[in-house]
Each structure stands twice: as structure tokens, then as C-alpha cells.
1. Return yes or no: is Ile50 surrounded by 19 or more Cβ atoms within 10 Å (Cβ to Cβ), of a type in the set (Val, Ile, Thr) and not in a strand (DSSP E or B)?
2. Somewhere in the stretch 56-68, is a residue among the basic types (Lys, Arg) and within 12 Å of the chain's Cα centre (by Cα)?
3. Name the pairs: first residue in the stretch 53-79 and on the phi > 0 side of the Ramachandran plot, second residue aromatic (Phe, Trp, Tyr), Cβ to Cβ under 8 Å, at least 6 apart or on different chains?
4. Determine whether Val22 is surrounded by fewer than 17 Cβ atoms within 10 Å (Cβ to Cβ) and part of a strand (DSSP E or B).
5. Looking only at the stretch 80-89, decide whether some residue is surrounded by 15 or more Cβ atoms within 10 Å (Cβ to Cβ) and of a type in the set (Phe, Trp, Tyr).
6. What pairs come up if the first residue lies in the stretch 86-101 and is without any contact (Cβ under 8 Å) to a residue 60 or more places away in the chain, the second is of a type in the set (Lys, Arg) and part of a strand (DSSP E or B), and their beta carbons are under 7 Å apart, counting only those six or more places apart or on different chains?
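The values are calculated or read from the model by the stated rules, or taken from the named source; none is laboratory data. Model, not experiment: these values are computed from the prediction. Ideal geometry is used to build each Cβ from the backbone, glycine not excepted, and the neighbour counts take in all protein chains shown.
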Amino acid sequence: MSEFLVLSNSNELVRIAASSLVYIASEGNYSDIFTCDKECRTVTLQLGVIEERINNQIRSAENEFVRIGRSLIVNLRFLHYINPSRGQLILSDNHSFKFNLEASKEALKTLKEYVEKEVK
């Protein structure tokens, strides 16, 4: 296993350092990959395929990358704020980027409980 996520299909190959991967948002067969440098790369892969590749390719994936609902995978290293009742999630490194995301109340409640359990 490596510290890079490599995604390829018949047309393209994308190689992203795991440490710079903030989150992945998906809609249908397309997924947008967001990194620390505020770049967004769109790939034609479903989120389930990307989730499987993260688990197979990135050494620390089990503890860092979490799928939230049907359309998001987030890197817990950048988790800054969760408010399930408002459906808000903020991912940030506290100085160079801040992503405000929306997710279902149920998904965020589950994420909040997961993080609280990991801290104890």
C-alpha cells in the first residue's frame, strides 16, 4: 500500500497524495475530488469504486477516510465542525482552506458519534 490514491479509467489517470485529499463528492457516475490546494478534479467513477480503491491503496485509509451517506467521503484529518441539526459539515486545515458541506442529519449524527467514540 502507498500514500497515494491512483484512479484510472480508459481515458485518464489521476494520482493524488493521501495527505492532500480533503473530500470526494459524487453524483451518479461522476465524482469530484477536492484537495488541500483547493483544486477539484472530476473523474468518471462512482463513489463506491473510489471507496474501494482508497481502502486498497492507502495505508492509513481505515482511520482517516469515512464515507458519509451516499455521496461523500471525507478525510477526518480535516474535520473541523459538525452540526447534524443544521446539516452542516466544515472541513479545514485552519489556515489555507475551508470547505462548507451539506449532508443529511442522519449521516452527520452518525459521523459525530463515530468521532466521539474514537476520542474516548
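1. It is true that Ile50 is surrounded by 19 or more Cβ atoms within 10 Å (Cβ to Cβ), of a type in the set (Val, Ile, Thr) and not in a strand (DSSP E or B).
2. Looking for residues that are among the basic types (Lys, Arg) and within 12 Å of the chain's Cα centre (by Cα), one finds at least one in the stretch 56-68, hence yes.
3. No pair meets every condition.
4. no
5. Within the stretch 80-89, none of the residues are surrounded by 15 or more Cβ atoms within 10 Å (Cβ to Cβ) and of a type in the set (Phe, Trp, Tyr).
6. Matching pairs, first to second residue: Ile90/Lys98; Ser92/Lys98.
To keep it simple, each residue is scored yes or no on (1) within 18 Å of Leu108 (Cα to Cα); (2) in contact with a helix residue (DSSP H, G or I) (Cβ under 8 Å, 6 or more places away or on another chain); (3) not hydrophobic (A, V, I, L, M, F, W, C).
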position: Val6; (1), (2), (3): no, yes, no
position: Glu12; (1), (2), (3): no, no, yes
position: Val22; (1), (2), (3): yes, yes, no
position: Ile68; (1), (2), (3): yes, yes, no
position: Phe78; (1), (2), (3): yes, no, no
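One line per residue, one yes/no per condition, for (1) more than 23 Å from Ile50 (Cα to Cα); (2) modelled with pLDDT under 95; (3) outside any loop (DSSP other than H, G, I, E, B):
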| residue | (1), (2), (3) |
| --- | --- |
| Arg70 | no, yes, no |
| Val74 | no, no, yes |
| Arg77 | no, yes, yes |
| Ile82 | yes, no, yes |
| Leu89 | no, no, yes |
| Asn94 | yes, yes, no |
| Phe99 | no, no, yes |
| Leu111 | no, yes, yes |
| Glu116 | yes, yes, yes |
